[in-house]
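> A single structure is presented below for examination.
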Amino acid sequence: MEEIYKIFGTSFINPPAEYFDDKTYPEFQNRLNEFKTLLKNQVLNNEGKSYFKFGDGDYFFLKKESIGSAKPGNRALSKGYWRINHKEFINGSKHNDYYMCELLKQNINYFNELFPFEIDFPAEFVYGLLSNKWLFSNFRNQIGIIGASEKIEIIKELMSKQQYQEYLGIEQFNDYISIPQKFACDDIKKTRELVKKQLSHTTSRIFLLGVGHVKSGLNYLLPQYKQAIYLDVGSGIDALAGIIDKKRPYFNNWTNFKLSDDSLYKNVDFLHYEFDGSETILN
């Protein structure tokens with residue numbers, strides 16, 4: 001792909017056509033530096049901000065189209081859209097502080113159809129800065145994690161292993177916030193209260209989160225629950241749990257670490273990932 005879309009310390013296998021055109025986003029490197037500076041200043045000043053990462057799945061969910069993870073019964077919902085207060089998600093999705101979207105033409109078109117404002121940053125930034133561990137080296141001892149309960153338990157166990165600590169370059173995550181892995185959108189009020197209660201006892205200044213479609217009704221409220229930066233890293237949470245598909249943008253040279261206790265993975269929703277023997281096993 002074009003040199004301007006490369007992020008130091010990462011590899012992107014089989015990038016789409018947009019990454020071979022330097023006119024797709026010529027400001028990529030300048031905006032990446034601005035993004036890093038912005039995050040550092042916000043964390044330093046203990047600000048409260050929400051970052052919303054938009055993808056095609058979010059489009060389908062907000063449009064009530066039963067495709068992929070947005071199909072009732074698959075992940076976000078156990079029941080039909082008509083049985084939830086879908087407007088809570090429509091309205092909530094429009095009140096975040098910053099918006100990120102991958103540089104794919106289709107995704108940008110989807111975003112522009114739903115939102116009356118510009119994309120602030122490419123979503124590629126959060127993939128790259130997690131994959132090359134920039135986030136960990138710059139915010140050591142200030143990071144919390146928000147994700148599906150099954151993945152949170154795996155990350156906790158991985159973080160108890162010295163080899164994994166050394167890989168990430170940190171000794172710990174300050175806080176872990178769990179949400180239901182499936183059907184968190186069924187009752188948005190209940191999910192909000194669950195997260196709000198957990199956040200009340202936290203000390204992190206920046207949270208990395210990947211919570212699926214419930215973010216449309218949740219993310220914008222998080223800085224009100226607890227003042228911090230809430231950075232939507234999406235499938236980056238899968239990377240931390242050692243189950244990222246390396247074909248995902250900027251994760252080709254990520255090492256998936258796997259715990260030897262297979263029971264921890266029994267109820268995990270893997271999406272597209274399958275163990276292939278390339279994982280580093282931790283006992």
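> Taking K226, is it out of contact with any Asp or Glu (no Cβ under 9 Å at 6 or more places or on another chain) and among the basic types (K, R)?
For K226, the condition - out of contact with any Asp or Glu (no Cβ under 9 Å at 6 or more places or on another chain) and among the basic types (K, R) - is met.
> Can I ask one more? Give me the residue from the stretch 168-222 that is surrounded by fewer than 18 Cβ atoms within 10 Å (Cβ to Cβ) and touching a Phe, Trp or Tyr at 6+ places or on another chain (Cβ under 7 Å) and, out of that set, farthest from F257 (Cα to Cα).
K196
Residues are listed down the side, and each one gets a yes or a no for (1) touching an Asp or Glu at 6+ places or on another chain (Cβ under 6 Å); (2) under 22 Å from E113 (Cβ atoms):
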site: E3; (1), (2): no, no
site: K6; (1), (2): no, no
site: T24; (1), (2): yes, yes
site: Q42; (1), (2): no, no
site: G48; (1), (2): no, no
site: Y59; (1), (2): no, yes
site: I67; (1), (2): no, yes
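> Within the stretch 81-111, track down each residue that is of a type in the set (F, W, Y), closer than 14 Å to K63 by Cα and in contact (Cβ under 8 Å) with a residue 40 or more places away in the chain.
The answer is F89, Y110, F111.
Residue-wise test of (1) among the charged types (D, E, K, R); (2) in contact with a Leu (Cβ under 7 Å, 6 or more places away or on another chain); (3) farther than 15 Å from Y98 by Cα.
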| site | (1), (2), (3) |
| --- | --- |
| H213 | no, no, yes |
| N219 | no, no, no |
| P223 | no, no, no |
| D232 | yes, yes, no |
| K246 | yes, no, yes |
| Y250 | no, no, yes |
| N253 | no, no, yes |
| D262 | yes, no, yes |
| Y265 | no, no, yes |
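> Take the residues in the stretch 223-269 that are among the acidic types (D, E) and farther than 25 Å from D56 by Cβ; name whichever of them is surrounded by the fewest Cβ atoms within 10 Å (Cβ to Cβ). Step through it out loud before you land on a result.
Step one: of the stretch 223-269, the residues among the acidic types (D, E) are 232, 238, 245, 261-262, 269.
Applying the additional criterion that residues be farther than 25 Å from D56 by Cβ yields 261-262.
Details: D261: 12, D262: 9.
Only one residue tops the list, namely D262.
> While we're here: Do we have E102 as under 30 Å from F12 (Cα atoms), over 21 Å from the mean Cα position of the chain (by Cα) and not aromatic (F, W, Y) here?
Taking the combined requirement at face value, the residue does not satisfy it.
> Of all residues in the stretch 164-178, count the ones that are under 20 Å from N138 (Cβ atoms), in a strand (DSSP E or B) and among the small types (G, A, S).
Matching residues across the stretch 164-178 total 0.
> Also: Return the residues of the stretch 179-190 that are out of contact with any Gly (no Cβ under 8 Å at 6 or more places or on another chain) and either touching a residue at least 12 places away in the same chain (Cβ under 8 Å) or in a loop (DSSP other than H, G, I, E, B) (or both); say none if nothing qualifies.
P180, Q181, K182, F183, D186, D187
> Further, regarding this structure: Mind listing whichever residues of the stretch 86-105 are exposed (fewer than 14 other Cβ atoms within 10 Å of the Cβ) and in contact with a helix residue (DSSP H, G or I) (Cβ under 7 Å, 6 or more places away or on another chain)?
Across the stretch 86-105, the qualifying residues are H95, K105.
> Return the only residue of K36, K53 being surrounded by 19 or more Cβ atoms within 10 Å (Cβ to Cβ) and either modelled with pLDDT under 95 or of a type in the set (K, R) (or both).
Within the list K36, K53, the selection yields K53.
> Looking only at the stretch 106-119, count every residue that is within 26 Å of K182 (Cα to Cα) and surrounded by fewer than 19 Cβ atoms within 10 Å (Cβ to Cβ) and tell me the total.
1
> Now, a different point. Please work out which residue is nearest to the chain's Cα centre (by Cα), limiting yourself to the stretch 115-142 and to residues that are closer than 25 Å to L62 by Cβ and assigned to a loop (DSSP other than H, G, I, E, B).
The extreme case among them is A123.
The values are calculated or read from the model by the stated rules, or taken from the named source; none is laboratory data. If you're wondering where the values come from, they're calculated on a predicted model, not measured in any experiment. Please note: Cβ atoms are built from the backbone with ideal geometry, for glycine as well, and neighbour counts cover all protein chains shown.
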